[in-house]
Amino acid sequence: MRYTLRQLEYFIAAGETSSITLASERVHISQPSISTAIAHLERELGVQLFVRHHAQGLSLTAIGQTMLKEAKALVGQAEGLYSMASEATTQVRGQINVGSLVTLAPLVMPELAHSFEAAYPGAKIHQTPHDQEGLIAALQRAEIDAALSLDLRLPPEVEFQPLAAMPTHVLVGEGHPLARQSVTTLAELAPLPYILLDLPCGRDYFLALFLREGLEPNIAARSTHQEIIRTMVANGHGYALANTRPRSDLALDGRRLIRLRLANDFPVLNLGLMTLSSVRKSRLVEAFAAHSAGFISDAYIPGMVPAYPGRHMRQAV
C-alpha cells in the first residue's frame, strides 16, 4: 500500500469542503500539501477523484464519491485502534469528535479543547459547530461523540449533563433608550425594535418568552449570525436577547454593547454536554465529560463573564 492515512485525511477534507483552501484550513496544513496528497492518491489508485473548476473549487467524480465513503470508513477504523487501546489501558488517547452550538463554539470550545488536549496529550478534539437541530442529528448519525450545547428541545434519547446556568439577558447599544437602566422587562421591550437571533430551537425559545407574557415582539430584523446581531445592536438598530455573555462588551466594529438583566422570572437554560444515551461511552468520551465538568461551572465559563447573581440552574421548559 503506497498511500498513507494522512493523505486520505487530506482527501476527505477536500471532498467534504469542495475546496483546497477550506480543506487546508480544516486540517491546518498548506494548500500545496493538500493538492500533492490528492494527486498522489489519483496516481496510485489510477482514478480521477475530482473535477477541478477554475476559481470555483472542486467537485467529486462518481468514483471520487465512492472513494470518499470508503476513505472515511478506513480512517475511522484506524482511529478506532486508539479507542480500543484506551479501553485496555489507563491511557486516554485518540480523536474525539465534539460538536458545539454555533453561538458557543468561538467562546467556549477553544479554551476547553486546549485544556483537555494539554491534560491528555494523546487525545485530539475535532470540533464541529452547528445549530441545535444539526447537533442532535449528528449525534443520532454517530458523526460526533458529544456536543456542547444548551438544553433546548432535547429528544428522549439524548442525555444531557448540565454544567452552568445561562440566563437570558438583553443587549442594547450605548444610544438606546434603555441604555441607562440595569434591569428591564419584556413588556418594556415588546414595542421596541427587536433584532432576532434566528437559529432553530433558540429562535422558538426567545419568542416563547414573549408568548408567556401575552406579548408580541416587534421584530425589526433577524440573522443567524451572533456577531451580526451584536454589531446591529451596537449601531442602534434595536435590542437583542441572548444567553451567551462574551467577555468583550464591544461589537466587531468596536462599538460598545450594554447588557441588561431581565426582571421576568423565566426558566434558565443550561450549558452542558449532550451524548446519546444508547451509545456506550468510551474512556475518551468519559474523560472529556469529566474534564468539562471540572472546567466549566457557574463560577467560570471559558470566554464569558459571570451570570447575574441569584440565578440558579434549572431545567428549561
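Of the labelled options [x] 26, 41, 16, 10, 5, 2, 0; [y] 34, 57, 9; [z] 28, 50, 21, 1, which one gives P(r) over Cα pairs in 20 Å bins from 0, in percent as computed for this structure?
[z]
Return the FRET efficiency for the residue pair residue 293, residue 183: r is the Cβ-Cβ distance, R0 is 35 Å, and the value is rounded to the nearest 0.05.
0.65
Using a 1.4 angstrom probe and counting only protein chains, how large is the accessible area of residue 159 in Å², to 10?
Rounded to the nearest 10, that gives 80 Å².
Of all DSSP beta bridges located in the chain, what percent are antiparallel, nearest 5?
Looking only at bridges with both residues in the chain, the antiparallel portion is about 60 percent.
Find the relative contact order for region 1-63 and round it to a whole percent, using C-alpha pairs within less than 8 Å whose residues are 6+ positions apart.
32
Ignoring solvent entirely, what values of log10 I(q)/I(0) come out of the Debye formula for region 187-296 at 0.11 Å⁻¹ when each Cα is a single scatterer?
Those come out to -0.48, one per q.
Considering only DSSP states other than H, G, I, E and B, which GluC sites (Glu not before Pro) in region 169-223 qualify as loop sites with at most 15 other Cβ atoms within 10 Å?
Answer by residue number: 174, 213.
Sequence gap at least 6, Cα distance under 8 Å: using those rules, report the relative contact order of region 26-133 to the nearest whole percent.
Averaging sequence separation for qualifying contacts and normalising by length gives 18 percent for region 26-133.
Counting only chymotrypsin sites (Phe, Trp or Tyr not before Pro) that are in a DSSP loop and have at most 16 other C-beta atoms within 10 Å, tell me the longest site-free stretch of the chain.
Counting only loop sites that pass the neighbour cut-off, the longest clear stretch is 4-299.
Compute, for the chain, the length of the dipole vector about the Cα centre, with Cβ point charges of +1 (Lys, Arg) and -1 (Asp, Glu) only. Units Debye, rounded to 20.
320
Quick one: Karplus J couplings for region 103-119, per residue in order, coefficients 6.51, -1.76, 1.60, θ = phi - 60°, nearest Hz, x for Gly and Pro?
Rounded to whole hertz, the list is 6, 9, 3, x, 9, 8, 5, x, 6, 5, 5, 5, 5, 5, 5, 6, 6.
Build a GNM of the chain with springs between Cα atoms under 10 Å: which of 23, 123, 146 gets the top mean-square fluctuation?
23
Whole-Hz Karplus ³J(HN,Hα) for region 10-26, in order, using 6.51 cos²θ - 1.76 cosθ + 1.60 and θ = phi - 60°, x for Gly and Pro?
Residue by residue, region 10-26 yields 5, 4, 4, 4, 5, x, 7, 9, 6, 7, 5, 4, 5, 5, 4, 5, 5 Hz.
Give the long-range amide H neighbours of residue 144: residues separated by 5 or more places, or on another chain, with amide H under 5 Å away, using H modelled in the peptide plane at 1.01 Å from N.
139
If you keep only loop residues by DSSP, which trypsin sites (Lys or Arg not before Pro) in region 82-163 have at most 14 other Cβ atoms within 10 Å of their Cβ?
141
So what J values fall out for region 173-184 if you push phi through Karplus, 6.51 cos²θ - 1.76 cosθ + 1.60 with θ = phi - 60°, rounded to Hz, Gly and Pro as x?
x, 4, x, 5, x, 9, 4, 7, 8, 9, 9, 8
Among 158, 136, 207, pick out the residue whose Cα is farthest towards the positive end of the charge dipole of region 130-270, where Lys and Arg carry +1 and Asp and Glu carry -1 on C-beta, about the Cα centre.
Highest projection toward the positive end goes to 207.
For the chain, modelled as a Gaussian network with Cα springs under 10 Å, which listed residue fluctuates most, 184, 103, 61?
61
Between residue 39 and residue 128, take the C-beta separation as r, use R0 = 30 Å, and let me know the FRET efficiency to the nearest 0.05.
Rounded to the nearest 0.05, the efficiency is 0.60.
If I compute solvent accessible area with a 1.4 Å probe over the protein chains, what percent of it on region 1-156 is carbon and sulfur?
The C+S portion of the solvent-accessible surface of region 1-156 is 55 percent.
Over region 123-202, one equal point on each Cα, no solvent: what is log10 I(q)/I(0) by the Debye formula at q = 0.13, 0.27 Å⁻¹?
Taken in order of the listed q values, log10 I(q)/I(0) reads -0.62, -1.43.
Check residue 268: other-chain or 5+ apart residues with amide H under 5 Å from its amide H, H built from backbone geometry?
Sorted by chain and number, the residues that satisfy this are 314.
When the C-alpha atoms of region 1-159 are aligned to their principal axes, what extent does each axis show, in angstrom, from largest down?
46, 37, 28
Over region 30-189, what is the percentage of antiparallel beta bridges among all DSSP beta bridges, to the nearest 5?
For region 30-189, the DSSP antiparallel bridge percentage is about 25.
State the extension gain, in nm to one decimal, for the chain segment bounded by residue 222 and residue 70, taking 0.36 nm per residue of separation less the distance between their alpha-carbons.
That pair, residue 222 and residue 70, stretches by 50.7 nm at full extension.
I'd like the per residue volume of the convex hull spanned by the Cα atoms of region 52-145, given in cubic angstrom.
Enclosed volume per residue, from the Cα hull, is 147 Å³.
If you take every DSSP beta bridge whose two residues both sit in region 117-246, what share of them, in percent to the nearest 5, is antiparallel?
Given both bridge residues lie in region 117-246, the antiparallel proportion sits at roughly 35 percent.
The values are calculated or read from the model by the stated rules, or taken from the named source; none is laboratory data. Please read all numbers here as calculations on a predicted model, not as lab measurements. Glycine also receives a Cβ, built like all others from the backbone with ideal geometry; neighbour counts cover every protein chain displayed. Remember, those area values only see protein heavy atoms, side chains included, never the ligands or the DNA or RNA. Shrake-Rupley method; radii C 1.70, N 1.55, O 1.52, S 1.80 Å.
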